[in-house]
Amino acid sequence: MRPIFSLAIGLLFGVGLCVAGMTAPAKVQGFLDVAGTWDPSLAFVMAGAIGVGLVLFRIARRRLPAPSHRVDAALVVGSLLFGVGWGLVGYCPGPALAALSSLDPKALTFVAAMLAGTGLHRLVGSLRDTAAELGGERAGEAGACGACGA
């Protein structure tokens, strides 16, 4: 039952993005162009999303782990990349996935780059974890040798 519920919610979200115009990069870029010909219509979409999010996150707080308030380099760099990508291309991940249904080459390219970036991030994290584990084992071996006097 849960996969059907998840699919229904995902479809509803995608339809909402399409109806709101979030899958149209020109509309998103018009919203982000506050120094030029600013299009404030997406502010209403954001306000509605924030209102729904506040209610649902308050309900979900009982089931979710406590959020981290730590700001580190990975968070800052990721946020910068997200913002620059959103501003340049006019897509963020949700609307880009919804725009795939139109087979727009820009959306296809964005999603391909997003998947490649996700894969690269996971690969680097995996390599970093492996290196940390190997470093820990070597340090443990050296400690054992020091303890036995060899």
Practice problem: Determine, for each peptide in 120-128, 58-66, 90-98, the mean count of other beta carbons within 10 angstrom over its residues, then list the peptides with the highest first. | Solution: 90-98, 120-128, 58-66
Practice problem: At 15 Å minimum axial length over the Cα atoms and a Kyte-Doolittle cut of -0.5, report the qualifying DSSP H helices in the chain, or say none. | Solution: 2-20, 41-60, 73-89, 105-148
Practice problem: Could you give the C-alpha radius of gyration of region 1-129 expressed as a fraction of 2.2 N^0.38 Å, taking N as the number of residues it contains? | Solution: 1.20
Quiz item: Calculated FRET efficiency, residue 84 and residue 2, Cβ-Cβ r, R0 41 Å, to nearest 0.05?
Solution: 0.70
Quiz prompt | Computed [θ] at 222 nm, helices only, for the chain once each DSSP H run of length n ≥ 4 contributes -39500 (n - 2.57) | solution = -26000 deg cm²/dmol
Quiz item: Given Cα pairs under 8 Å that are at least 6 residues apart, what percent is the relative contact order of the chain?
Solution: 25 percent
Quiz item: Dipole size in debye (nearest 20) for region 2-148 around its Cα centre, Lys and Arg Cβ +1, Asp and Glu Cβ -1?
Solution: 520 debye
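Each value in this text was obtained by applying a stated rule to the coordinates, not by laboratory testing. No experiment lies behind these values; they were computed from the predicted model shown. Neighbour counts run over all protein chains shown; Cβ positions are idealised from the backbone, glycine included.
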